[in-house]
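S.K.: Starting off with a structure, shown below.
Bear in mind that the values in this text are calculations on the coordinates, not laboratory data. Worth saying up front: this structure is predicted, and the values here are computed from it rather than measured. Cβ atoms come from the backbone with ideal geometry, glycine included; neighbour counts cover every protein chain shown.
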Amino acid sequence: MYILKKIKHTELIEIIGALLLFFLMLTAWAFKYDIFTTSLSIDKSLICIELDENRKPLKITENIPRGTRQVCLWFKYNTSRTPLNIKITWSLDNEVLLSEMQKLVTPEGVKAFYLLREDGMPLEDGRYSVTIKDGSKIISSIPFKIIKTEN
């Protein structure tokens, strides 16, 4: 209260006005650079076993047969901000196997990322998921399983 008694009424209004202007400018900046929202849109995302020569998905399924050596995340995207760093996270039974940052450099396109073992052995049986994040926001999450299939 002592500080307020020394500040004149007009000075107090000027300080409040300056603070309001500062917060207004900060909010406008945050929206301009998508601080509160994401600029990434995934039009379609799926899991497949391989791609054809034109990078189109083949063998699209959520139940991957045992013995598979690689799984592909394929997605079609558009974004208003480039370059844009996204995070791709592969998990098995809720445990992270691989998490990596990838850069989207064009406003729209198709991307594909693979999960495979370094030693070339088949992927383990279990419940998997792959997640695409823009910052802390999950844009897409796809569950899939590697299971023994009946012949």
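S.K.: Can you compute the modelled spin-label distance between Asp125 and Gln70, with each label point 7 Å from Cα toward Cβ, in nm?
M.R.: Result: 2.5 nm between the two label points.
S.K.: Follow-up. Among the GluC sites (Glu not before Pro) within region 106-140, which fall in a DSSP loop and have no more than 12 other Cβ atoms within 10 Å of their own Cβ?
M.R.: Glu118, Glu124
S.K.: Taking 21 Å as the cut-off for C-alpha to C-alpha distance, list the pairs among Lys59/Lys137; Lys59/Lys103; Lys59/Lys148 that go past it.
M.R.: Violating the 21 Å Cα-Cα cut-off are Lys59/Lys137; Lys59/Lys103.
S.K.: To continue, here is another question. Mind listing the phi-derived Karplus ³J(HN,Hα) values for region 137-144, rounded to whole Hz, using 6.51, -1.76 and 1.60 with θ = phi - 60°, and x for any glycine or proline?
M.R.: For region 137-144, the Karplus-derived couplings read 8, 6, 8, 8, 9, 10, x, 7 Hz, x marking Gly and Pro.
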